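Visitor: Let me give you the structure first, and then I'll get to my questions.
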Amino acid sequence: MTTIRRTAALQARGRVLAEQLKARAEAMRQRSSIIDLGVRVYDRDREAAGSLLGSALALRLFLFLVPLVLFTVGLAGLIGYYSGYDSLSSDVGISGTIGDQIDDAFSQRSTPAWFVSAAGLIGMASAGYSLSRAMIVSSALAWRLGGRQRATFGMIGSVVGLIVSIGLVSTIVNSIRSAAGLAVASVSFVAVFGVYVVLWVFIIQTLPRGTSDPGAAIPGAVLASTALTAMQAVSTLYLPRAIERSSELYGTIGVTLATLGWIYLLGRVVVFAFSLNAVVFEQIGSVSRIVFSVPGIRTIPRRYPSVARYFDLDRE
């Protein structure tokens, strides 16, 4: 009987403590607009099934990377066959097992290389559609537009182009690191961040959203670009050696699990960025409205109605 009373007393104390914490959190929201905004973004992310869609996006991103690697290996084989070039990894700063595999691709015969390239290209088209569809649904739910929008060629092309651009930027940074050292490569990530912000604003513009204003895409673009730049910095400056060590200790399974975890983190951040864009625009507005409120610039929308429509400045 005593045990039952103690349990009931603990449950009552737990309910009281939960109510106190809830009231304290509500008071903090009322005092701080930043905390209130953060809670709203978190609630919107939960409402839009952010964890589930982040996992779905990560899986599709991984499935896209597989045919992308196939296509790259096949293309390397074709370049090596027709140009006589037999080494690339040392020029782009890739060493170890991965570098050896890239160099092996340059020694392929023409027929297998064509086959691998074609298979990779077909796989990229299929996986690119699936990946684009996941991003469309995520953005639509974050903006409360429903999830029945169709994937257009522009959306698919922008998603595929973004991923390919990430690979190109990574290759360029590796080349800089190999030629100029870690210090210069570290500074180059500032430019990489700027490139990613532009790319993310462009791709978000092709996805369903509640406004045509490109300024509404900036908060999420900055968040996604920050995460992607940080991940790429770690991948460029630290992971090559870590992957070599993990390959020796844990084999291919360890490397694959680490890669999947990395991709899941990126997918989760991207989905959260959509909710951030929606809530910031609904609660605060966009950067465009601030820009067009500056004297001298605010006359442009009145003079050119198409500018006002594009930046959604007529919205009340």
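For (1) modelled with pLDDT of 80 or more; (2) open to solvent by 50 Å² or more (accessible area, probe 1.4 Å), each residue gets a yes or a no:
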{"site": "Tyr42", "(1), (2)": "yes, yes"}
{"site": "Leu57", "(1), (2)": "yes, no"}
{"site": "Leu61", "(1), (2)": "yes, no"}
{"site": "Leu70", "(1), (2)": "no, yes"}
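Visitor: To continue, here is another question. Give the number of residues within the stretch 1-18 that are within 23 Å of Asp43 (Cα to Cα) and modelled with pLDDT of 75 or more.
Guide: 2
Visitor: Is it the case that the stretch 146-161 has a residue that's among the basic types (Lys, Arg) and out of contact with any Ser or Thr (no Cβ under 7 Å at 6 or more places or on another chain)? Break it down stepwise before answering.
Guide: Applying the first criterion (among the basic types (Lys, Arg)) to the stretch 146-161 yields 148, 150.
With out of contact with any Ser or Thr (no Cβ under 7 Å at 6 or more places or on another chain) added as a condition, the list becomes 148, 150.
The answer is yes, given that some residue of the stretch 146-161 is among the basic types (Lys, Arg) and out of contact with any Ser or Thr (no Cβ under 7 Å at 6 or more places or on another chain).
Visitor: Would you check which residues across the stretch 279-312 are free of Cβ contacts under 8 Å to residues at least 60 places away in the same chain, open to solvent by less than 100 Å² (accessible area, probe 1.4 Å), touching a Phe, Trp or Tyr at 6+ places or on another chain (Cβ under 9 Å) and in a loop (DSSP other than H, G, I, E, B) and list them?
Guide: Within the stretch 279-312, just Phe292 meets the criteria.
Visitor: Now, a different point. Is at least one residue of the stretch 217-226 out of contact with any helix residue (DSSP H, G or I) (no Cβ under 7 Å at 6 or more places or on another chain) and of a type outside the set (Val, Ile, Thr)?
Guide: no
Visitor: Pick from the stretch 227-243 the residues that are surrounded by 15 or more Cβ atoms within 10 Å (Cβ to Cβ) and not hydrophobic (A, V, I, L, M, F, W, C): which of them is modelled with the lowest pLDDT? If you could, list the steps in order and put the result at the bottom.
Guide: Narrowing the stretch 227-243 to residues surrounded by 15 or more Cβ atoms within 10 Å (Cβ to Cβ): 227-229, 231-233, 235-237, 239-240, 243.
Now restrict to residues that are not hydrophobic (A, V, I, L, M, F, W, C): 229, 232, 235-236, 240.
Numbers: Thr229: 87, Gln232: 78, Ser235: 70, Thr236: 67, Pro240: 54.
In this case the residue turns out to be Pro240.
The values are calculated or read from the model by the stated rules, or taken from the named source; none is laboratory data. Owing to the predicted nature of the structure, the values given are computational and were not obtained by experimental measurement. All Cβ positions, glycine included, derive from the backbone under ideal geometry; neighbour counts span all protein chains shown. The protein model used for the area step is the full one, side chains on, heavy atoms only, and it has no ligands, DNA or RNA in it. Shrake-Rupley method; radii C 1.70, N 1.55, O 1.52, S 1.80 Å.
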